[in-house]
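What follows is calculated from the coordinates using simple rules that are stated; it is not laboratory data. Note that this is a predicted model, so its numbers are computed, not measured. Reconstructed Cβ throughout: ideal geometry from the backbone, glycine too, with neighbour counts over all protein chains shown.
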Amino acid sequence: MLRHGSRSLFNRASATSMRWRRQFSTDLPAETAEDTKFVESWKKMNPNMDPPKTPSAYMKPRPPTPANIPSKLTVNLVLPYDSVLSSKEVDMVIVPATTGQMGVLPGHVATIAELKPGILSVHEGNDVTKYFLSSGFAFVHANSVADIIAIEATPVDRLDPNLVQKGLADFQQKLNTASTDVEKAEAQIGIDVHSALNAALTG
Amino acid sequence: MSSSAAQPFWRAAGMTYITYSNLCASLVRQCLKEPYRSEAVSREKVHFNVSKWVDGKPEKPTIRTDTPE
C-alpha cells in the first residue's frame with residue numbers, strides 16, 4: 001500500500017518534475033545483455049522490488065567505432081609520476097611490442113600489446129619524437145585513442161652511452177656467474193634492457 | 001582456455017610482472033645523464049614497514065626505508 005502511495009505522489013507531481021523525470025531517463029546508460037537477463041530473473045523472483053544495479057550498469061560503455069576513420073590518432077603516454085603526452089593528436093605511433101615494432105595508425109583495430117624495453121616514436125607531420133620506454137602496455141581503442149603506459153619514458157638524448165655500455169658488460173658478466181634461476185633471470189633482464197638502450201642510442 | 005602458454009623467462013624463474021617492470025625501470029634510470037639521474041633517484045625511494053600479526057598482536061615491524069632518519 002505504501003508502494004502505491006509513492007507512485008500516486010509522483011503522478012500528482014507538476015510539470016516541472018515531469019521535465020526532471022525525462023532528464024533522468026536519458027541519463028541512464030543502456031543496460032547490457034547480461035543485465036537484462038539478471039533483471040528478468042530478478043523480476044520473476046521478486047516482482048515487488050526494483051532490481052539492484054549491477055557493476056556493468058555503472059560502467060561507461062565501450063567507445064563506439066566511429067563510422068569514418070578519424071584522420072588523427074589521439075595518444076596518451078602516461079607514467080606513474082607524469083603524463084608525458086595527454087590527448088595529443090598525431091599521425092602515427094610506433095610502439096615496441098614484445099612481438100616486434102608495431103605501428104598504430106588512426107583506425108587501428110582495438111589492441112592490447114605488452115611492451116618490451118624499446119623506443120616509442122611519435123610521428124606528427126614531419127616531426128618524429130622518440131622516447132625510450134622501460135616496459136609497459138599499449139592499449140589501442142576502437143575510436144583511435146591509444147593509451148601507452150610505462151614506468152619510465154625518457155627522450156633518447158637523456159641517456160648516457162658510457163653507462164649503457166658499462167651496464168651491458170656488467171650484466172653479461174653476471175649471466176656467466178649466475179647460479180640460481182632468479183639470478184639468471186635478473187642478469188638476462190639486465191642484458192635485454194641494456195641492449196635495447198644501446199640500440200636506441202646507436203640506431 | 002590457454003593451457004600453459006609459453007611463459008616469458010622471468011615468469012618461469014618465479015618473478016612477477018610488477019617486479020620485472022620495476023627492475024627494467026630502475027635499470028633505465030641508472031643509465032640516465034646527470035641532472036636527470038638525481039631526479040630519478042628520488043623516484044625509487046621507498047619507505048614502508050611491515051608487521052605480521054600473531055594472536056591479535058603485531059610483532060616487531062620490519063622497516064624498509066631509503067629516507068635518512
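List of remarks:
- Assigned charges on the beta-carbon of Lys, Arg, Asp, Glu; the protein assembly as shown dipole about Cα centre (debye): 1360 debye
- Shape category assigned to region A:49-203 from the gyration tensor of Cα positions, a/c cut at 1.5: oblate
- Estimated FRET transfer efficiency (B:Arg43, A:Asn176; beta-carbon r; R0 35 Å; 0.05): 0.65
- Overall form of the protein assembly as shown per C-alpha gyration tensor (a/c, 1.5; a/b vs b/c): prolate
- Eigenvalues of the alpha-carbon gyration tensor of chain B, scaled by 5 and square-rooted, set the equivalent ellipsoid semi-axes at 29, 28, 7 angstrom, largest first.
- Sequence of B:Thr65, A:Thr202 once ranked by neighbouring C-beta atoms within 10 Å, starting from the fewest: A:Thr202, B:Thr65
- When shorter helices are ignored and each DSSP H run of at least 4 residues is given -39500 (n - 2.57), the per-residue value for the protein assembly as shown at 222 nm works out to -12500 deg cm²/dmol.
- Nearest-20 debye value, chain B charge dipole, Cβ charges on Lys, Arg, Asp, Glu: 100 debye
- Around the Cα centre of region A:43-202, unit charges on the Cβ atoms of Lys, Arg, Asp and Glu (plus for the first two, minus for the last two) sum to a dipole of about 740 debye.
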